[in-house]
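Notes follow the structure.
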Amino acid sequence: MTIPETENRKFYPTVPWDILQLLFKTEKINNHVLHFSGICRPGLSLSKLKQAVSLLCDAFPLIRCNLRMVNGKPVWYDEAYTCGDIVTFIETDNCRTERDKFLMQEIDEQDGPQMKVALLKSSETDELCVIMNHMLCDAAGFKDVLYRLASLYSALESKSTCINAPMIKERSVAQIFKTLTPGQRLRIYLKRGTISPQGMFHFCFESCPDSPFIESRIIPPEQFALIREYAKAHRASVNDVVMTACIRVLSGIFGKPDILPCAIDVRRFLPRGYTADVCNLVTNLPCSIGQELPVSFTETLEKVKFSMDSQKNDPACMKNLMMLELLFKILPYRTARFLLKKAFTNPPVAFTNIGTLDKGKLVFGYSEMKDAFMTGSIKYQSYFQLSLSTFDSKAVFCVNLYGTEKDRTVLSAFLDSFIRELTDGTNPGHETA
């Protein structure tokens, strides 16, 4: 993946998704930061954490890079950042305040590093916070990075051997296309559809580019178990059930149902035994239930399930990724970027399921995560995205925005309504109608 070295530093080529994420930032759609925060007990060693970060950078050197233009094209240039540039230690009596301050930072693609780590220590607990440039990877890739960091730390603490295999070989979607059959590839080429499916409705936020925040709600394990049971009883996924609640609340706000795009990890199309490298491998699928909202939650779920089942297991849903790859493969960079800017837009309202953070893989030596959550980028202007991450059977829903206190009140009201719709709708004795 490297091209000729200059001054003993390496260049790594960008892929189209890197450029797309950068475009989202420059066009003020969202920043390009992924966020993780977890409470560790017992505490972590700062020195071992720094050593583990150094080893992680060896496996995934893009962390040490800045984005540079070389011969008219952007590349990742290894700036040789050290763990001292990446890791911050903070002693505090208020972990929540310091955590939020750290998570609200932006990542500068031209003045790295592309990942930052903070170890927050108080008299009661340790909290590990990590942010990473979304240009480098999606949520699934970010989780792999976190798991590798944990395994490296554990190896250092136990003084055992840890194989630190490279996490970067192929970063493009080609790693999936090459595993598909000719018939599957043909289906993708022939599929009709838009490059960026989205609805028409949007929130009218006041917006404040200097005031980022994450508004969140938690569903405890015992309550989330009931939601999972409801999904299983209706042969649906938890993702379907969550989208059902979201669509019903949004329909109440905007007056009727609209398309709700949902981010889907296309790693699902890799054959058994294949493991994708750390990169962006997601696409948006449009969930549409028609122009009328069904009376009951269960009836809405049936329509959501039908819409999603018809798409998510069909490799043809990768058509937009194929188009993106072809655009930059056959055209000069500046031309491709210009066309991308015109053709590829971000949904004004969307949902993303980050998935489960594996508690068994987030063990740092003798310390394990007692609580954790992940969330995606912070949105600008009128853009809205609901995210879900789960840890230890607990669900955390987040909406991130650069906004005013009034905007925060609007999102707080949405989340309250959403949680109520989700919990009532999946309770057989209290289904909404």
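The values are calculated or read from the model by the stated rules, or taken from the named source; none is laboratory data. Keep in mind that what you see is a predicted model, and the values were worked out from it rather than measured. Positions of Cβ are generated from backbone atoms using ideal geometry, with glycine treated the same way; all protein chains shown enter the neighbour counts. In case anyone asks, the SASA skips ligands and DNA or RNA and just uses the protein heavy atoms, side chains included. Shrake-Rupley method; radii C 1.70, N 1.55, O 1.52, S 1.80 Å.
Does Ser387 meet the test of being without any contact (Cβ under 8 Å) to a residue 40 or more places away in the chain and under 24 Å from Leu362 (Cβ atoms)? Spell out how you get there, then give the answer.
On the way: without any contact (Cβ under 8 Å) to a residue 40 or more places away in the chain: yes; under 24 Å from Leu362 (Cβ atoms): yes.
When the stated conditions are applied, Ser387 passes them.
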If Thr409 satisfies all but one of (1) among the polar types (S, T, N, Q); (2) in contact with a strand residue (DSSP E or B) (Cβ under 6 Å, 6 or more places away or on another chain); (3) without any contact (Cβ under 8 Å) to a residue 24 or more places away in the chain, what's the number of the condition it fails? (2)
Looking at (1) touching a Lys or Arg at 6+ places or on another chain (Cβ under 8 Å); (2) surrounded by fewer than 19 Cβ atoms within 10 Å (Cβ to Cβ), which is the only condition Ser45 fails? (1)
Among (1) more than 20 Å from Ile354 (Cβ to Cβ); (2) open to solvent by less than 70 Å² (accessible area, probe 1.4 Å); (3) assigned to a loop (DSSP other than H, G, I, E, B), which single condition is Leu156 missing? (3)
Number of the exception - Tyr12 against (1) open to solvent by 10 Å² or more (accessible area, probe 1.4 Å); (2) within 29 Å of Phe397 (Cβ to Cβ); (3) in contact with a strand residue (DSSP E or B) (Cβ under 6 Å, 6 or more places away or on another chain): (2)
Which of the following residues is closer than 16 Å to Ala350 by Cβ and open to solvent by 50 Å² or more (accessible area, probe 1.4 Å): Ile264, Ile253, Ile247, Ile289? Ile253
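For every residue, the table says whether it meets (1) open to solvent by 30 Å² or more (accessible area, probe 1.4 Å); (2) over 30 Å from Gln381 (Cα atoms); (3) touching a residue at least 12 places away in the same chain (Cβ under 8 Å); (4) hydroxyl-bearing (Ser, Thr, Tyr).
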| residue | (1), (2), (3), (4) |
| --- | --- |
| Pro166 | yes, yes, yes, no |
| Gln175 | no, yes, yes, no |
| Leu180 | no, yes, yes, no |
| Leu186 | yes, yes, no, no |
| Leu226 | yes, yes, yes, no |
| Ala233 | yes, yes, no, no |
Criterion (surrounded by 22 or more Cβ atoms within 10 Å (Cβ to Cβ) and part of a helix (DSSP H, G or I)) met by exactly one of Leu415, Leu422: Leu422
The strands (runs of 3 or more DSSP E) lying wholly within region 324-406 that contain at least 3 residues that are open to solvent by 10 Å² or more (accessible area, probe 1.4 Å) are 349-357, 367-375
Condition check: within 30 Å of Val75 (Cα to Cα), under 24 Å from the mean Cα position of the chain (by Cα), in contact (Cβ under 8 Å) with a residue 40 or more places away in the chain and surrounded by 15 or more Cβ atoms within 10 Å (Cβ to Cβ). Does Met308 satisfy that? no
Count, please, the residues in region 274-286 that happen to be open to solvent by 20 Å² or more (accessible area, probe 1.4 Å) and without any contact (Cβ under 8 Å) to a residue 40 or more places away in the chain. 1
For region 132-153 the number of residues that are surrounded by fewer than 20 Cβ atoms within 10 Å (Cβ to Cβ) and touching a Gly at 6+ places or on another chain (Cβ under 9 Å) is 1
